Each structure stands twice: as C-alpha cells, then as structure tokens.
1. Just to be sure, is ASP316 more than 16 Å from ligand 2 (Cβ to nearest atom) and acidic (Asp, Glu)?
2. Can you tell me how many residues in region 184-243 are of a type in the set (A, V, I, L, M, F, W, C) and more than 14 Å from the chain's Cα centre (by Cα)?
3. Taking the stated definitions as given, is TYR240 closer than 20 Å to LYS101 by Cβ and within 16 Å of ligand 2 (Cβ to nearest atom)?
4. Answer yes or no: is there a residue in region 14-23 that is at pLDDT below 90 and more than 28 Å from ASP276 (Cα to Cα).
5. Please find, among LEU139, LEU152, the residue that is of a type in the set (A, V, I, L, M), on the phi < 0 side of the Ramachandran plot and in a strand (DSSP E or B).
6. If you go through region 22-41, how many residues are small (Gly, Ala, Ser) and surrounded by fewer than 16 Cβ atoms within 10 Å (Cβ to Cβ)?
Amino acid sequence: IGCKATIVNGTERTAEWFPRHVTELELCRGTKTDYEPDKDSNHPGFNDPVYVERRNYISNIAHFYKHGTDIPTVDYTNEDRQTWSVVYKTLKRLHATHACKVYKDNFQRLEKECGYSPNKIPQLQTVSEFLKEQTGFQLQPAPGIITPRDFLASLAFKVFQCTQYIRHPASPMHSPEPDCCHELIGHIPMLLDPTFALYSQQIGLASLGVSDSDITKLATLYWFTVEFGLCKENNVLKAYGAGLMSSYGELQHALSDVPMHLPLQAEKTCLQPYEDSVYQPIYFVSESFDEAFNQVRAFSQHCTKRGFDITYNENDGYIQTVPYINL
Ligand SMILES: Cc1ccnc(-n2c(S)nc3sc(C)c(C)c3c2=O)c1
Ligand SMILES: [Fe+3]
C-alpha cells in the first residue's frame, strides 16, 4: 500500500520488491535505452541499419536467456574482431604502467587459461565457466544498459549482467555504452579476484529492497569503485576500475595530476555526482578491497533504511533475510 508498483514482464513489482532466488533475476533486466544505436542520434551506429539489426539479434539472446543454461555463442564478424583487436592491443600497452597488480596478474591468467587474445573475441559462456571456478561469479547476457536497481540486485547473487555486442567499428576507442570490450577487458579481470568479488557482491546485497534514493547512493559508490576506482601500490596510484581499464583516454587522465584524488569514504563518495559524458574531476582511492568491503557493510547497516540484513546461499540460490537487532 502506498509504494510505487511497476509492471515487469507482466509481473507486478512494488518498489521494495527484490529477487529472492537467482532464477528471479529474469525479472531484473530493465534497461535504460538512452544510448541505444537506434535511439541516440549521435551513436556511431545510428545510420547503420545492418549494425542495428545485429544489435537487436544479440540483445534478443539476453531477453530469452534462462539462468543455468549455456549462454548462446555469437558469431562475431571479421569487422567485430578487427575492432576487438585494436582495443585489446591499445589498452594492454597502457595497462603495463597504469593497471594495478591484481588486474595485470588476472589478465595474464585469462590469456593463458581462458583464450584471451587480440585475434578472438571470447564467448561469454567460456568466460563465465572460468569465472565461476575462481570466485563463484557467473555471467548473464544483458540486452543493454540495465537499470541500477536491477544491475545491483544481480550482484547480490554473484551474477554479472554482461553485454555481448561490440561497439561500432567507426569508433573503436570510445563507446557511449557498455559493450563486450568494456565487460571482458574492464570487468572480468577484477571479478577473478576473490576479495574484489566479495566487495561487488556486498554492494548488491546492500541494494536489495532499499529506497530509490539509497539505490542511487549505492550506484554512485559502485561507479567510483568498480567503474572508476583507484588504489595505491608502494605509494604509487594505480587503476582497477573497469571504466578506466577499458578507456585509453580516461585511464591516462585518472592517473594524471589533473583530477583530484580523495580517499574512499562510503558516506561521502556515495554523494559525489559523476558525469557520464566527460572525464571525472575526482577519483577515489581505495586502501584495499577488504577495507572497501567493510565500508559498504557499515554503510548498508547504518545508512540505508532497511530493518534487516541479507545473506545469499550459493548452494540453493536463495536470499536469506536476518532482522537487525540492537544496532
Ligand atoms: C550501476 C550500473 C548499473 C548498470 N550499468 C552500469 N554500467 C556499467 S556496469 N558499465 C558501464 S560502461 C558505460 C559507458 C556505461 C554507461 C556503463 C553502465 O551504465 C552501472
Ligand atoms: Fe561497467
């Protein structure tokens, strides 16, 4: 009574609804269509009907995907592979000096054990199986940019909603939206780290059943860590955020003297506005992923108005809620 209800796939969802079993993530595929090639006039694919057609075909894989089934493979074109190869080689060169050790070690493992190379676009199913063995995370194909509430909810179940299409060949070095280069080169290497995986899941657990304004805070926290996060190695700034690892220009900018670098403080970072069309003026530095994890746990218990804690049981795929007592 009195809370907003939205209809998703014919199922009524109140604002405070959240998935209680990993199969319910099928109801968590709401997308934001701002940047889609047939809606955004300055998208490089806007006047390319062949590209738009392929995008729709690949997005349909995500719409019909069922948890627990193999992710269908995509027969990428030679043009797609050419785009992948340019992005892969260009970014890898910069990672040598700008990426944190965890990222570089895991990228090497992906090349040795999971077929990562400049000449082939990895299939999501192959990467998902490798990832599941390492940290329990698995991939689900995403039709486009998922809404923050639905995307964060998936993280609670150790599911990463991953776009499967690739950016338009006209602009290999920039994409206004996530694509498989961003996911595979940006996100996957970090999701192979157990501590980082737990940090990502914690943001997801904190997001279940909270208000829209708390979702916005947690999404902002996500942006300034998982997407734009920096860390320190022997007192030297390094990057781990996926949005930095998959963007040549922003990676250089983030580690230069131009932007401000502040220590990660969840209750402050979550209020920092971020621009999604220009480079950030401020980046946040995490001491460690353990410390970041503790910050999100404390934030969830004290700053989001939810009377219960939440855990996820990986064996049966169910969420458990635990009422808070005398906090
Ligand atoms: C919190 C949240 C929820 C859903 N999607 C995201 N999300 C992610 S993971 N990566 C990217 S890369 C890019 C260029 C954009 C726009 C984008 C994005 O929107 C973030
Ligand atoms: Fe991302």
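The values are calculated or read from the model by the stated rules, or taken from the named source; none is laboratory data. In this text the structure is predicted, and so the values were computed from the model without any measurement. In this analysis, Cβ positions are derived from the backbone assuming ideal geometry, glycine residues included, and neighbour counts consider all displayed protein chains.
1. Numbers: more than 16 Å from ligand 2 (Cβ to nearest atom): yes; acidic (Asp, Glu): yes.
So ASP316 passes the test.
2. Kept after step one, since they are of a type in the set (A, V, I, L, M, F, W, C), are these residues of region 184-243: 184-185, 188, 190-192, 196-198, 203, 205-206, 208, 210, 215, 218-219, 221, 223-224, 226, 228, 230-231, 236-237, 239, 242.
Adding the requirement that they be more than 14 Å from the chain's Cα centre (by Cα) leaves 205-206, 208, 210, 215, 230-231, 236-237, 239.
The number of residues fulfilling the criteria is 10.
3. Details: closer than 20 Å to LYS101 by Cβ: yes; within 16 Å of ligand 2 (Cβ to nearest atom): yes.
Criteria met by TYR240.
4. Just the residues of region 14-23 that are at pLDDT below 90, to begin with: 14-16.
Remaining after also requiring more than 28 Å from ASP276 (Cα to Cα): 14.
Yes, there is a match, as at least one residue in region 14-23 is at pLDDT below 90 and more than 28 Å from ASP276 (Cα to Cα).
5. Numbers: LEU152 fails: in a strand (DSSP E or B).
Step by step, each of LEU139, LEU152 is checked, and only LEU139 is of a type in the set (A, V, I, L, M), on the phi < 0 side of the Ramachandran plot and in a strand (DSSP E or B).
6. Count: 1.
Let's see how each residue does on (1) β-branched (Val, Ile, Thr); (2) buried (at least 16 other Cβ atoms within 10 Å of the Cβ); (3) not in a loop (DSSP other than H, G, I, E, B):
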residue	(1), (2), (3)
ASP80	no, yes, yes
VAL86	yes, no, yes
LYS92	no, yes, yes
HIS95	no, yes, yes
PHE107	no, yes, yes
LYS112	no, no, yes
SER128	no, yes, yes
LYS132	no, no, yes
PRO169	no, yes, no
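Let's see how each residue does on (1) touching a strand residue (DSSP E or B) at 6+ places or on another chain (Cβ under 8 Å); (2) at pLDDT 95 or above:
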position: SER41; (1), (2): no, no
position: ASP70; (1), (2): no, yes
position: THR90; (1), (2): no, yes
position: ILE121; (1), (2): no, yes
position: PHE130; (1), (2): no, yes
position: GLY136; (1), (2): no, yes
position: PRO141; (1), (2): yes, yes
